[in-house]
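The block underneath contains the structure these notes are about, expressed in structure tokens.
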Amino acid sequence: MIFLQLLISGILIGGVYALISLGLTLIFGVMRIVNFVHGDMLMVAMYFSYWFYTLYSVDNYIGLFLVVPALGLLGALMYRFVIRHAIRRSHEASILVTIGLSIVIQNAALLLWSADYRSIHNEWATRSLQWGDLRISSPLLIAFIVALVVTGILFAFLHRTYLGKAIRAASMDRFAAVLMGVHPQRIFTLSFAIGIALVGVAGALLSSVFAVHPTLGTQFLLVSFVVVVLGGLGSLRGAILGGLLIGVVETTSAYFIGSSMKQLVYLLLFIVILIVKPAGLFGKRIPEVNQ
Amino acid sequence: MMNVTTEGNKRRSAILTPTVGVGSAALFLIALPFLLQNQLYYLDTVILALLWGAAAGAWNLAGGYGGLLSLGHAAFFGIGAYTSTLLFVRLGISPWLGMLVGAVLAAILGWLIGIITLRMKGPFFGLATIAIAEVLMIVAVNWTEVTQGSQGITVPYKPGFANMAFDSKIPYYFIALVICLIPFLLARWLKQSKFGYELMAIRDNEAAAQALGIHTVRVKVGILVISSAITAVAGTFYAQYVTVIEPYHEFSFNVSIQMVLMTMIGGLGMALGPVFGSFVVTGLDTLMRDLLQGTQGGVHAMMYGTLLVLVVLFVPEGMIPWLKERFRSGKGGRSHGSVVDSGASDQTFRGPDGGG
């Protein structure tokens, strides 16, 4: 029974990890940027959600519709004014610039909102469902379902619409895509905005699960790095499977060896994957990265 | 200044012109702590700047000359700090010996990392190093019987040379100076040794270097080992000077990034780059502390982050080449566009030896 419980909890949180990682892997796939700001944007989204809830008593599931466009806009602005200029240089430059941005955002949050942990106590969402011995936390269940829906919408967008196809084309072969009339800067801005908006969805959902604080992003960034590398950098399907897998690994190891050591398990897993199969479980070899 | 063109000239001018420069620099460096004797606050800043200059200099050997963008050098720094401190506190072994042991342990870890990450390209190496530093941090936090976990360890203050603890700041200054000189001189040596040429060839074009018969594996692992050992030495000195170590600082991503940031500010792949960057950052830090007078920790870090973004975007070659360029192009040329111009032209100067 305990295994089933761990499996279900793991898959539920894994769905949220998958959602966060989808944005990260999309951004990497299209722009070849390892986005260190990703976790911090999750933190920002959670703060937005928290403030909407506290100041205007907007339920965080309704606030989602405010947080997501706000985050998408932030993403587009960040791309336009900063990231775009780093992309031209090198991997190193883009990594360092996003690290710099991450430091700025984290500390701006610290100055603006202090280091206090802030959480939403959403009445109807904090209950948990009980089936026999199985307990399922409703906010995580809702988060999982919404994550599924959003992932579905994302895939439909990427496969059915012209813009979505252009994004996929740019991530497969940027040069050829440009030759086919895809406007690279527009596609890059859009992909970055979508990537950050996905984090916005995750942030709004998670704000009723975890308390938010300025450095919350770091731990989620690490998790999503693990997920994305496990699934293969740039692979969307890989990110989903990787997210679910890491969710299960995390809950299981937290149960058996304690929550302070759970990070150790997936970090070691991460290092092993990097050594044994850096292209990830589902990834293709990316010419710029894998020689 | 010194325009070295041919091999023959190099010898002669290397003896003549720089002797005066080196001599006066040495004199200044020896006199400095005595000049600042009554301004301990500033002497403290100088010591910290030398310390971080040493760590950043060590990073620069691998990151700047070898193109190995490590984002987890805090691993080695922490090993240095923890090894000497634990040996001293638990077994009473002199920190000098602990420094050596820490350097050896870090070198072994560096060798291991080199072996296992060699196949990785692009961002994977950086991500792997982050993970390794994180793993060590978790171990240091959870292995409470030995490390006292997140509580940290205080180095007991027993002044004496054998304990690397002193009443005055001046001995600390000289130790920091020597530690800072190690990566500096090594960087200078890289510029004129076979090993250095091979290393920079690998950085600039690995496939071509391999085709020329360079044993790329051996060279890359070699520089990583050297870099990690020196970083650990800086870590030991940090523990002895600051006297408090804690896993959330010593093994932190921030420490890793600090080394990268300082090097980027001064100039990547330049001997003086990290030291210059360290003095800029540490100096600014002191200045900010003076101005703010408070516990506004966030402001410092925001400054670091902003600086990192601005430097990478606008002066990717670092401030030393940029300043040189400005002075050379005449004091009159103060057009706004010159920032971008000099950045662009520096890139063309960047030959096989990375400029400077």
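The values are calculated or read from the model by the stated rules, or taken from the named source; none is laboratory data. All values reported here derive from a predicted model rather than from experimental measurement. Counting neighbours? That spans all protein chains shown, and the Cβs are built from the backbone with ideal geometry, glycine included.
Values computed for the structure shown
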item	result
Extreme residue, farthest from the other protein chains (Cβ to nearest Cβ), among residues of region A:92-112 that are surrounded by fewer than 21 Cβ atoms within 10 Å (Cβ to Cβ) and of a type outside the set (G, A, S)	A:L112
Flag for B:A31 being modelled with pLDDT under 85, over 23 Å from A:E92 (Cβ atoms), out of contact with any Ser or Thr (no Cβ under 7 Å at 6 or more places or on another chain) and of a type in the set (G, A, S)	yes
B:V135 being at pLDDT 90 or above and over 30 Å from A:K262 (Cα atoms)	no
Subset of region B:110-126 that is surrounded by 19 or more Cβ atoms within 10 Å (Cβ to Cβ) and within 7 Å of chain A (Cβ to nearest Cβ) - its residue that is modelled with the lowest pLDDT	B:G122
Residue count, region B:139-163 (criterion: touching a Gly at 6+ places or on another chain (Cβ under 9 Å) and either free of Cβ contacts under 8 Å to residues at least 40 places away in the same chain or surrounded by fewer than 16 Cβ atoms within 10 Å (Cβ to Cβ) (or both))	2
Residue match in region A:260-270 (condition: within 30 Å of A:R174 (Cα to Cα), of a type in the set (V, I, T), more than 17 Å from the chain's Cα centre (by Cα) and at pLDDT 85 or above)	no
Enumeration of residues in region B:144-186 that are assigned to a helix (DSSP H, G or I), modelled with pLDDT of 85 or more and small (G, A, S)	B:A176
Residue pairs meeting the criteria (Cβ under 8 Å; at least 6 apart or on separate chains; first within 7 Å of another protein chain (Cβ to nearest Cβ), in region B:127-138; second of a type in the set (S, T, N, Q))	B:A128/B:T117; B:E134/A:Q263; B:I138/A:S260; B:I138/A:Q263
Selection within region B:164-177 - touching a residue at least 12 places away in the same chain (Cβ under 8 Å) and either exposed (fewer than 12 other Cβ atoms within 10 Å of the Cβ) or of a type outside the set (A, V, I, L, M) (or both)	B:K169, B:Y172, B:Y173, B:F174
Of residues in region A:61-91 being aromatic (F, W, Y) and free of Cβ contacts under 8 Å to residues at least 24 places away in the same chain, the one nearest to the other protein chains (Cβ to nearest Cβ)	A:F81
Hey, A:R118 surrounded by fewer than 17 Cβ atoms within 10 Å (Cβ to Cβ), over 25 Å from B:Y304 (Cα atoms), free of Cβ contacts under 8 Å to residues at least 12 places away in the same chain and away from chain B (no Cβ under 11 Å) or not	no
Test: residue in region B:205-216 that is closer than 20 Å to B:E317 by Cα and more than 18 Å from the chain's Cα centre (by Cα)	yes
Any hit, region B:247-259, residues being aromatic (F, W, Y) and within 12 Å of another protein chain (Cβ to nearest Cβ)	yes
Failed item in (1) under 24 Å from A:L241 (Cα atoms); (2) buried (at least 16 other Cβ atoms within 10 Å of the Cβ); (3) in contact with a helix residue (DSSP H, G or I) (Cβ under 6 Å, 6 or more places away or on another chain), with A:T151 passing the rest	(3)
Helices (runs of 4 or more DSSP H) within region A:165-283 that include 2 or more residues within 14 Å of chain B (Cβ to nearest Cβ)	A:216-231, A:236-257, A:262-276
Any hit, region A:51-59, residues being part of a helix (DSSP H, G or I) and farther than 29 Å from A:Y79 by Cβ	yes
Which listed residue, of B:L100, B:L105, B:L91, B:L87, is more than 10 Å from chain A (Cβ to nearest Cβ) and surrounded by fewer than 16 Cβ atoms within 10 Å (Cβ to Cβ)	B:L91
Residues satisfying the stated conditions in region B:179-214, i.e. of a type in the set (S, T, N, Q) and under 20 Å from B:G273 (Cα atoms)	B:Q192, B:S193
Some residue of region B:229-243 being modelled with pLDDT under 90, surrounded by fewer than 23 Cβ atoms within 10 Å (Cβ to Cβ), among the aromatic types (F, W, Y) and over 15 Å from the mean Cα position of the chain (by Cα)	no
Test: residue in region A:6-29 that is within 20 Å of the chain's Cα centre (by Cα), farther than 21 Å from A:V226 by Cα and not aliphatic (A, V, I, L, M)	no
Single match in B:A176, B:A201 (criterion: among the small types (G, A, S) and under 19 Å from B:G66 (Cα atoms))	B:A201
Some residue of region A:195-202 being surrounded by fewer than 24 Cβ atoms within 10 Å (Cβ to Cβ) and either among the basic types (K, R) or in contact (Cβ under 8 Å) with a residue 60 or more places away in the chain (or both)	no
Unmet criterion (only one of (1) out of contact with any strand residue (DSSP E or B) (no Cβ under 9 Å at 6 or more places or on another chain); (2) within 14 Å of chain A (Cβ to nearest Cβ)) for B:T147	(1)
Condition broken by B:G283, with the remaining ones in (1) more than 12 Å from chain A (Cβ to nearest Cβ); (2) more than 29 Å from B:I153 (Cα to Cα) satisfied	(2)
